[in-house]
1. Which residue out of E237, E246 is over 16 Å from P205 (Cβ atoms), touching a residue at least 40 places away in the same chain (Cβ under 8 Å) and surrounded by fewer than 20 Cβ atoms within 10 Å (Cβ to Cβ)?
2. Within the stretch 214-228, which residues are of a type in the set (A, V, I, L, M, F, W, C) and in contact (Cβ under 8 Å) with a residue 40 or more places away in the chain?
3. So if I check each of V163, V104, V180, which one is outside any helix (DSSP H, G or I), of a type outside the set (S, T, Y) and within 14 Å of V209 (Cβ to Cβ)?
4. Quick one: is G139 closer than 21 Å to L250 by Cβ and assigned to a loop (DSSP other than H, G, I, E, B)?
5. Are any residues in the stretch 142-177 farther than 16 Å from T253 by Cα and among the aliphatic types (A, V, I, L, M), and if so, which ones?
6. Can you say whether E234 is over 21 Å from the mean Cα position of the chain (by Cα), more than 25 Å from A47 (Cβ to Cβ) and charged (D, E, K, R), as far as the supplied structure shows?
Amino acid sequence: MIPSSFTFPDFEPGTVWLAGAGPGDPGLLTLHACHAVRTADVIVYDALVDARILDLARPECRLEFAGKRGGKPSPKQPDISARLVELARQNLRVLRLKGGDPFVFGRGGEEALTLAGHGIRFRIIPGVTAGIGGLAYAGIPVTHRDTNQAVTFLTGHGASGTVPDAIDWEAISRGSPVLVFYMGVKHLAAIAGHLIAAGRSADEPVAVVARASLPDQRVVVTTLNDCAAVVAAEGIEPPALIVVGEVVRLRQTLDWFGVDSDR
């Protein structure tokens, strides 16, 4: 029960709230995000937002899909940002709902800058990012004091559709015991090759987590040398997370969301 002393901020007409919906499980929606879904006049949502979250919206709320999926026709980012401005200027309460967290590889910063540039008031509602919450559902902590004091989050898919060329593979290989890649399944072989060439052990454990936090979540544990072939053989498809490092071994004990658990 929410204490009576707690009040939600006013979702005013003509404003845009950029909110994270978490990695998938509707239970990971924050209170502020839930309030926004239940109050909005229009929700502009991404492909990774669970349909059960949208079911929380008012019957009169308009739902607009703005999801981008690799290899499929998708709205262009400038068009999405312009649409948010257009809707706000119609004096609507506009919710831009994204999977995970809007500011973690979610292009929320680009959308917020567009809104600011057009004088549109906005609020940011952080969400549980998949690289932390999704791995927790796989029984993999991103940090553990016996294995790592640092973790690096990276995108495995650049704007050109290839592995980002700005990544300093040698630096991250030396400096970060745990690496978490978003959007990297398509380029997993190239990513593994870069890491091995930069000095990571070919036998280092790797986990690939697909459909994180959802009932059909799949987790494949393998090695850096074999990960691309194993993922292909298992038919793992995006959306999926890739984690490289010794923390992967903890899954053997910490897999609370496995087939024998109550999901």
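Laboratory data are not the source of any read-out in this text; all were calculated from the coordinates shown. Please read all numbers here as calculations on a predicted model, not as lab measurements. Glycine gets a Cβ as well: all are built from the backbone with ideal geometry, and neighbour counts include every protein chain shown.
1. Details: E246 fails: over 16 Å from P205 (Cβ atoms).
Step by step, each of E237, E246 is checked, and only E237 is over 16 Å from P205 (Cβ atoms), touching a residue at least 40 places away in the same chain (Cβ under 8 Å) and surrounded by fewer than 20 Cβ atoms within 10 Å (Cβ to Cβ).
2. Taking the stretch 214-228 and keeping what is of a type in the set (A, V, I, L, M, F, W, C), we get 214, 219-221, 224, 227-228.
Within the stretch 214-228, L214, V219, A228 qualify.
3. Going through V163, V104, V180 in turn, the sole match is V180.
4. On the way: closer than 21 Å to L250 by Cβ: yes; assigned to a loop (DSSP other than H, G, I, E, B): yes.
Yes.
5. Those that are farther than 16 Å from T253 by Cα and among the aliphatic types (A, V, I, L, M): A150, V151, L154, A159, V163, A166, I167, A171, I172.
6. Working: over 21 Å from the mean Cα position of the chain (by Cα): yes; more than 25 Å from A47 (Cβ to Cβ): no; charged (D, E, K, R): yes.
No, not satisfied.
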